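**Student:** Below: one structure in structure tokens.
The values are calculated or read from the model by the stated rules, or taken from the named source; none is laboratory data. Only a predicted model underlies this, so the values are computations on that prediction, with no experimental measurement involved. Glycine also receives a Cβ, built like all others from the backbone with ideal geometry; neighbour counts cover every protein chain displayed. Side chains are part of the model used for accessible areas, which takes the heavy atoms of the whole protein and leaves out ligands, DNA and RNA. Shrake-Rupley method; radii C 1.70, N 1.55, O 1.52, S 1.80 Å.
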Amino acid sequence: MNTELINSLDDYVKVRLTDKRYNHTMSVIETATALAEKYGADKEKAYIAALFHDACKNLDIGEMNMLAEKYEIGEVYLDKPQLAHSKLAAAIIQDKFSVYDEDIINAISYHTTGRAGMSLLEKIIYIADATEPNRTYSDAKRLNALAFENLDQACFEVSEWSLQVIKEAGKYLDKDTVRARNWFERIVKGASMDSNVNTINTAIFAAKIIDDKKGQDIVVLDISEKSSFADYLVIGTGSSIRQIEAIADEIEDKAAAEDMLMKSIEGKNGSGWILMDMGDVIVNLFLEDRREKYNLEKIWSDCSSVDWEV
């Protein structure tokens, strides 16, 4: 393990957390690393995410609001420490410790709410936080044991329980909590994400949004037999940075509304190429000169195109 990094993270959280919260953190680490070993996840990543997940939990609300504005995590998190602390910890581990591993960052960021399309590490941190042995609510021990038998079932039951608690308390309900519950419900009832929104439909979904937003030269390529990282490439051209960013925003928003997986988005920095990783579908939005330069169609010229206008 990266002992230097872990010691630095531990020093940071130890002076900022109450004894009770720090003990909780140690217990989450123990549970998360055990689950990582059980399910074949990266134990070091599980350790780091568990160690830092509550780094901002004991900050007062004024400092949280100040940091929320500094890191631009969104106005919706102002005056909502229960939700803001996870987003702030994800921002700080990047800013102060140069930890940029996407899976670690997402595991920290979504450990409170969950989300649709969670990775294995995200599930592990989510359930470890909710069911570690210091938890005292009535079902905690059963759910902890269940997590080692059926991780998705345990995550579904925790997300369902969280939803009920939030509603009964009349607190702000984050949309990711609802989407997480719905996503896990489909999994445990035997309807996987692929059977609900399979990869070709995801590719066509993205292509039609590009078309609706006046994108040009839209191509969907079936790369499943040639690629180890995806099944389909979606390629579209926009006339300006503003247009391709607007298309990307529309795909992201509509995918979220449909509980579709969006693993990452890169290139929203004026580069002229936005890449959206939707799991088995990769969406590429280009300015014309960028598309000509990288010429993905030529690279994948031996792959067949898909009629997305059906």
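**Student:** So what is the relative contact order of the chain, in percent, for Cα pairs below 8 Å that sit 6 or more residues apart?
**Tutor:** Contact order relative to length: 12 percent.
**Student:** Related question: How big is the gap, in Å, between the Cα center of region 233-306 and the Cα center of region 23-95?
**Tutor:** 30 Å
**Student:** When you count, for each residue, the other Cβ atoms within 10 Å and take the mean per peptide, how do 134-142, 39-47 rank with the highest first?
**Tutor:** Working: 134-142: 12.3, 39-47: 17.9.
Top of the packing list down: 39-47, 134-142.
**Student:** Next question. I need the per residue convex hull volume for region 190-310, using only the alpha carbons, in cubic angstrom as a whole number. It would help to have the intermediate numbers written out before the result.
**Tutor:** Numbers: hull volume 12.4 nm³, N = 121.
Looking at region 190-310, the number lands at 102 Å³ per residue.
**Student:** With a cut-off of 8 Å between alpha carbons and a minimum separation of six or more residues, what is the relative contact order of region 168-272 in percent?
**Tutor:** Values: 83 pairs, mean separation 20.9, N = 105.
20 percent.
**Student:** What length, rounded to one decimal in nm, is gained on full extension from Lys96 through to Asp19, with 0.36 nm per residue of separation minus their alpha-carbon distance?
**Tutor:** Values: separation 77, 0.36 × 77 = 27.72 nm, distance 2.30 nm.
Residue separation times 0.36 nm, minus the Cα-Cα distance, leaves 25.4 nm.
**Student:** With each label point set 7 Å from Cα along the Cα-Cβ vector, what nm distance links Asp217 and Lys167?
**Tutor:** 5.0 nm
**Student:** Right, another one. Pop out the carbon and sulfur fraction of the accessible area of region 41-146 as a percent, whole number, probe 1.4 Å.
**Tutor:** On the way: 2050 of 4300 Å².
Carbon and sulfur atoms account for 48 percent of the accessible area of region 41-146.
**Student:** Further, regarding this structure: Rank by packing, highest mean first: peptides 169-181, 107-119, 14-26, with packing defined as the count of other Cβ atoms within 10 Å averaged across residues.
**Tutor:** Values: 169-181: 16.8, 107-119: 24.1, 14-26: 14.2.
Ranked by mean Cβ neighbours within 10 Å, highest first: 107-119, 169-181, 14-26.
**Student:** In whole angstrom, how far apart do the alpha carbon centroids of region 198-224 and region 148-179 sit?
**Tutor:** Going from one Cα centre to the other spans 33 Å.
**Student:** Among the lysines, which have Cα under 25 Å from the Cα of Lys214 when same-chain residues fewer than 8 positions away are ignored?
**Tutor:** The reachable lysines, counting only those whose Cα sits under 25 Å from Lys214, are Lys254, Lys263, Lys268, Lys293, Lys298.
**Student:** Now for a different question. Mind ranking Val188, Val13 by accessible surface for me, highest first, 1.4 Å probe?
**Tutor:** Working: Val188 50, Val13 0 Å².
Result, largest first: Val188, Val13.
**Student:** Another question, if that's okay. Given the rule -39500 (n - 2.57) for each run of at least 4 DSSP H residues, summed and divided by the residues of the chain, what is its mean residue ellipticity at 222 nm, to the nearest 500 deg cm²/dmol?
**Tutor:** Only helices count here, giving -17500 deg cm²/dmol.
**Student:** Rounded, prolate or oblate for region 63-171? Axes are the square roots of the Cα gyration tensor eigenvalues, ordered a ≥ b ≥ c, and the cut-off for rounded is a/c under 1.5. Write out the running numbers ahead of the final one.
**Tutor:** Working: a/c = 2.30, a/b = 1.45, b/c = 1.59.
It comes out oblate by the Cα gyration axes.
**Student:** Sort Lys87, Lys226 by heavy-atom solvent-accessible area, probe 1.4 angstrom, most to least.
**Tutor:** Numbers: Lys87 25, Lys226 120 Å².
These residues rank, largest area first, as Lys226, Lys87.
**Student:** Taking the Cα centre of the chain as the origin and placing charges on Cβ (Lys, Arg +1; Asp, Glu -1), which of Asn106, Leu51, Ile299 is farthest toward the positive end of the dipole?
**Tutor:** Selected residue: Leu51.
**Student:** In region 110-191, which GluC sites (Glu not before Pro) fall in coil by DSSP and have 11 or fewer other Cβ atoms within 10 Å? Walk me through the intermediate numbers first.
**Tutor:** On the way: sites: Glu122, Glu149, Glu157, Glu160, Glu168, Glu185; in loops: Glu149.
Listed in order of number, the matching sites are Glu149.
**Student:** Out of (i) 134; (ii) 153; (iii) 166, which label holds the value of volume of the Cα convex hull per residue in Å³ that was computed here?
**Tutor:** (ii)
**Student:** Moving on. Rolling a 1.4 Å sphere over the protein heavy atoms, what is the accessible area per residue of the chain, to the nearest Å²?
**Tutor:** Details: 15130 Å² over 310 residues.
Per-residue value: 49 Å².
**Student:** Then there's this: Which percent, to the nearest 5, of DSSP beta bridges fully inside the chain are antiparallel?
**Tutor:** Working: 15 of 22 bridges.
Counting only bridges with both partners in the chain, antiparallel ones make up about 70 percent.
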